[in-house]
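What follows is a set of notes on a single structure, which appears directly below.
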Amino acid sequence: MKKLILSLFFLSAFTLRGSAQLQGLEVVKVPEAQQPYSGEYIYIPDVEGYKTLKCDFHTHTIFSDGDIKPENRVWEAAIRGLDVIAITDHIEYRPNKDYIKADHNESYKRAKTVEKASNLIVIQGAEITRSKPIGHINAPVSYTHLINALFLTDANALDVEDPLRAVDNALEQGAFIMWNHPGWPNDTSTLYNVHKDLIKQKKIHGIEVVNGFEYYPKAFNYCKEYGLTYMGNTDIHGVYKQTYRTDKQSGPMTIVFAKERSQEGVKEALLAGRSVVKFGDILIGSETVSYTHLIGSEKNLLSLVKACLSYEVKEVKGNQALVKVTNKSTLNFEILLDNKAGTILGNATVEIKVRLDDKVKFTTTHITDDSRLVIDIASLR
């Protein structure tokens, strides 16, 4: 009872003091209450020769089945610390159309109005939404089996009865085509003949191996086998901060290695396959990707790891060495060395005893469903 009386006394005193300070005032401005939310802080350094861009290529707004306006979706991405966002509202599924009347380009147009202020690159896309086996395809424009079409100039051209015609119409605009969430909605990531035909015809360029809170290991294999770009996105419909508890799990993203920070640079990088998917501490991507315009090969996962981690060999005794490892990123790397598991935390420095003929396996990286990135210790010297 005593504690309650004291609490009431302090509350009453605070209220009276506040009331006295407010007497005669017309307006009280509180600028400190308008400070922007700090959001997530994810730092990934540039890879040699390329700019590292954090991207989400699958999002929805009130113009299809999302909960927020396109402009707000862009600002959410800015708070996340992203560089690139694609607005990919459904073509066929628009439950709000009776009271939000607009064509398929309107959501992008509205998102574009805040592109400069948000310092993001905003990409026009759409989701072609049909039942399996065609599914959802983002171009970026993708029902149960969906395809996204990205880098569109007119999403209205995808509003046709034949989904394959819709894909062709997107390609005529120079779109990048992504097969969305291959394991949804029936928990099977089957590569149907229609997908094989589209891949063979170079009409699918990438696969969304991570979507929201799930990922599709078999799809890792498809990317590796067919040389497709690894993609990972939120497919966000609701409010981001209500969907993801960022203290536990941030939204997935596609990390793109672009020659320049521009829409053209992002498109070129995706078509060239320079991407790694981030899903929590998991990194998914190709170990090597060959390019017709480059001598040799580009090592996506290896390049990312080498950009994040710096090494200093401090002492060598015979076949033994003491290596100082500094993680310049905020990514956490789980490793297996000499059959011992360890973690190199973001922004941390550790010293590790190694054998020069040993290998280090990065256990939270994935190239296929059963292969990880492995680096020879000798190559670090």
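Only one entry of GLY125, GLY81, GLY135 meets the criterion of being small (Gly, Ala, Ser) and at pLDDT below 90, and that entry is GLY135. Taken over region 190-223, residues that are buried (at least 20 other Cβ atoms within 10 Å of the Cβ) and either in contact with a strand residue (DSSP E or B) (Cβ under 7 Å, 6 or more places away or on another chain) or small (Gly, Ala, Ser) (or both) amount to 16. Can you confirm whether GLU40 is in contact with a helix residue (DSSP H, G or I) (Cβ under 7 Å, 6 or more places away or on another chain), surrounded by 14 or more Cβ atoms within 10 Å (Cβ to Cβ) and at pLDDT below 95? Spelling it out, GLU40 is indeed in contact with a helix residue (DSSP H, G or I) (Cβ under 7 Å, 6 or more places away or on another chain), surrounded by 14 or more Cβ atoms within 10 Å (Cβ to Cβ) and at pLDDT below 95.
Residues that are among the hydrophobic types (A, V, I, L, M, F, W, C), closer than 15 Å to LEU302 by Cβ and surrounded by 16 or more Cβ atoms within 10 Å (Cβ to Cβ) are absent from region 337-358 altogether. Considering the conditions (1) under 21 Å from THR129 (Cα atoms); (2) touching a Cys at 6+ places or on another chain (Cβ under 9 Å); (3) surrounded by fewer than 22 Cβ atoms within 10 Å (Cβ to Cβ), ASP98 is excluded by exactly one of them, (2).
Against the definition (on the phi > 0 side of the Ramachandran plot, polar (S, T, N, Q) and either at pLDDT below 95 or in the same structural domain as MET231 (by TED's automatic domain parsing) (or both)), how does ASN300 come out, yes or no? No: the conditions fail for ASN300.
The values are calculated or read from the model by the stated rules, or taken from the named source; none is laboratory data. A quick note: this is a predicted structure, and the numbers were derived from the prediction, not measured. Glycine gets a Cβ as well: all are built from the backbone with ideal geometry, and neighbour counts include every protein chain shown.
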